[in-house]
Amino acid sequence: MPQTLFEKIWNAHVVAQDAGAPAVLYIDLHLVHEVTSPQAFSGLRARGLQVRRPDKTVATLDHSTPTKDLHLPIADPLAAKQVAQLEANCAEFGVPLYGLNSERRGIVHIIGPELGLTQPGMTIVCGDSHTSTHGAFGALAFGIGTSEVEHVLATQCLLQRKPKTFQVRMGGALQPGVTAKDIILALIAQIGIEGGTGHVLEYTGNAIRALSMEARMTVCNMSIEGGARAGLIAPDDTTFEYLAGRPFAPQGEAWERALAGWRQLPSDEGARFDQTVTLDAGALEPMITYGTNPGMGVPISGRTPDPDALRDVGQKNAARKALDYMGLRPNQPLLGQPVDVVFIGSCTNSRISDLRLAAGVLKGRRVHPRTRVLVVPGSQQIKRQAEQEGLDTVFKAAGAEWRESGCSLCIAMNGDQLEPGQYAVSTSNRNFEGRQGRGGRTFLASPLTAAASAVEGQIADARMYTG
Amino acid sequence: MQPIKTFAARLLPLPSENIDTDQIIPARYLKVTDKAGLGDALFTDWRARDPNFILNQPRAKEAGILVAGDNFGCGSSREHAPWALLGFGFKAVISTSFADIFRNNALKNGLLPIVVDEATHQQLMSLAEEDPSAQITVDLAAQTITLPDGRAVTFPMDGFVKQMLLQGVDEVGYLTAKADAIAQYEQAHGGTLRTQPSLS
Ligand code: SF4
């Protein structure tokens, strides 16, 4: 029987399956960060258990860490305690940690791929819903809660029911000024934020094949915003070129062996999916969200909805509530909406290619006086590379702030946050109420749209700048 | 974890759809290193914004079951969301659907995510809105909720998870008992990745 990429990975990782019970699924790589792990390590300690495979586990600090003045002690005592706790847990249980002063530190979903830890065919978990990012390599990667973090620490396994499969076929070719972020925002606007619930997505088609690894990660990153546990893209030469020579990638003969296995992974001709949806990438415009969940997206030239014109009562109420929170009128064009803050960062869009796109727009221009711009690279390595390319100079000359790596304004746990009522164009992945700070209002968009909006001080069409 | 027995509890209506984990408990409360005390942070921004918000009303403390709109718990993987709901005093959430990770996290902590059909949901929501003292009975073993009018409605529940909840045991024991199978798997499929030594 022809098999999908998902089925091949799943079948290769089932350790045991008792009748009526979920599968015991083996985990090849467990990523850990400071926010969702302390209670899991406490649980291990309370049961007298060890970390079974510290050599398949890796930790970093990203969520509550400062993005400036790293040489100073962390000002927030709770964050400081959480950071110290992870350091102590990793030391006690022998888990490698990319700590505050490590050159390799960064957002957990950025450094896995960057270090070559993320590889095709693997199962990867992390106490973080955006673990779906790693699916860009053809790895089955999904977010778990803290109880499950403890399970994986203790046994390197998880109990899982097999999810269903959902193919997202993306044909055509992107127009200039339209990016991977616009693909995924358009998809979620179409299928809705629970469209993928219970499913693993596989993105296929020419438009996906044409994407760079970094762009594929942007797409897979937001699979969870469509309700899916995971998103997958079959590995191909683009994947292998990205991986070759990375520190933890196999070398020499081991590389050749791995490569032969990875080439077997793509879904077989005729493999069946439980669902399929088709989109034409060539028809896409840059996208932006107007509301309070990632499914509330429209083309940049579009308008907010008119709740009165919506038939479905649920949708009507949701649109009304969203517009009310956002302080927007029905039928209001998004272009021209004033913007207080622009955030370029997060595990969705803080890789070097994202920073290059944003710098391309900002080069030789100034940020509008009413707007504050924060550029937060996804890892210390990306920061270094951007500095070698002079991107930091472009950002600073334009009037943007250039920071150390971390989650920062994506989740607003580290002191970087919106003030109540402020409007932000953000390259991150969630526009939930208060996500970027209590009372803050978020428009999700691509790095190009974010940079163009920074220049104009209002939501802008980046295609005017990318000629 | 305590075994879950049959229980009766009052309902609290929260009719919004797509309630995400950032609303259930905002990220700034995630800097804790234990699970206790999060009940105070439950829906804290909605409570601060509106003094009449249902969780600010005295009846909230008397309720044990939250009746919420479709796709409850979407968003992040934070287990702090079920910890906060349990900390506040809820034993179950009833909705027409739940986000995957939230449902898993809830079940791991003995918070029951109960899925009912649209019509039952509407009936429960109206009941909760009209009569704060109305109680329903949840019987996990039978997988039923019994409404005040005596009607019993069944709800779906994974059989394996149900046994765990009825016995009050978690999955760690089941998994650690598989140590031999895990060791065998590792021998056969070692995999080449080693995260150590870490790079400086
Ligand atoms: S950047 Fe945002 S979405 Fe990504 S891991 Fe950090 S907090 Fe989560």
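Read-outs: derived from the displayed coordinates by stated rules, not from any lab. Here the structure is a predicted model, which is why all the values come from computation and not from measurement. Every residue, glycine as well, gets a Cβ built from its backbone with ideal geometry; the counts of neighbours run over all protein chains shown.
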ask   = Within region B:120-148, whose backbone N sits under 20 Å from a point 7 Å along Cα→Cβ of residue B:59?
value = B:120-138, B:146-148
query = Out of the DSSP beta bridges found with both residues in the protein assembly as shown, what percent are antiparallel (nearest 5)?
reply = 30
message = Take residue B:163 and residue B:151, extend 7 Å from each Cα along the Cα→Cβ direction, and tell me the distance between the two endpoints in nm.
response = 3.4
task = With an 8 Å cut-off on Cα pairs and a minimum separation of 6 or more residues, tell me the relative contact order of region A:345-386 in percent.
result = 65
key: Label-point gap, in nm, between residue A:3 and residue A:101 - each point 7 angstrom along Cα→Cβ   = 4.8
remark   = In region B:7-157 the DSSP beta bridges are antiparallel at a rate, in percent to nearest 5, of 40
ask   = Reachable lysines from residue A:383, Cα under 25 Å, same-chain residues fewer than 8 places away excluded?
value = A:68, A:181, A:363, A:396
inquiry  = Just to confirm a number: summing +1 for Lys and Arg and -1 for Asp and Glu over residues other than residue A:263 whose beta-carbon lies under 14 angstrom from that of residue A:263, what do you get?
reply    = -3
remark   = proj_area_mean for region A:110-195 (convex hull on C-alpha atoms), units nm², value 7.4
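First select every other residue whose beta carbon is under 10 angstrom from the beta carbon of residue A:61; then total the charges, Lys and Arg +1, Asp and Glu -1.
Values: positive: A:105; negative: A:34, A:62, A:87.
That sum, taken over residues with Cβ under 10 Å, equals -2.
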query = Where in region A:327-376 are there trypsin sites (Lys or Arg not before Pro) that are in a DSSP coil and have at most 14 other Cβ atoms within 10 angstrom of their Cβ?
reply = A:366, A:370
inquiry  = How long are the semi-axes of the equivalent ellipsoid of region A:1-65, taking √(5λ) for every eigenvalue λ of the Cα gyration tensor, in whole Å from largest down?
reply    = 29, 18, 10
key: When the convex hull of its Cα atoms is projected in every direction, mean area for region B:7-157 (nm²)   = 8.2
query = Over what distance in Å are the Cα centres of region A:307-366 and region A:52-84 separated?
reply = 30
request  = Could you grab the Rg to Rh ratio for region B:41-89? Cα atoms only, Kirkwood for Rh.
outcome  = 0.95
key: Relative contact order for chain B, counting Cα pairs under 8 Å that sit 6 or more residues apart, in percent   = 25
key: Size of the protein assembly as shown as Cα extents on the principal axes (Å, biggest first)   = 71, 62, 56
key: Cross-link partners of residue B:31 among lysines (Cα-Cα below 16 Å; sequence separation of 8 or more within a chain)   = A:81
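Which whole-number percent is the relative contact order of chain A (Cα, under 8 Å, 6+ apart)?
Over chain A, the number comes to 17 percent.
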inquiry  = On a straight-distance basis, which aspartates and glutamates could pair with residue B:5 in a cross-link, Cα separation under 18 angstrom, same-chain partners fewer than 8 positions away excluded?
reply    = B:139, B:158, B:170
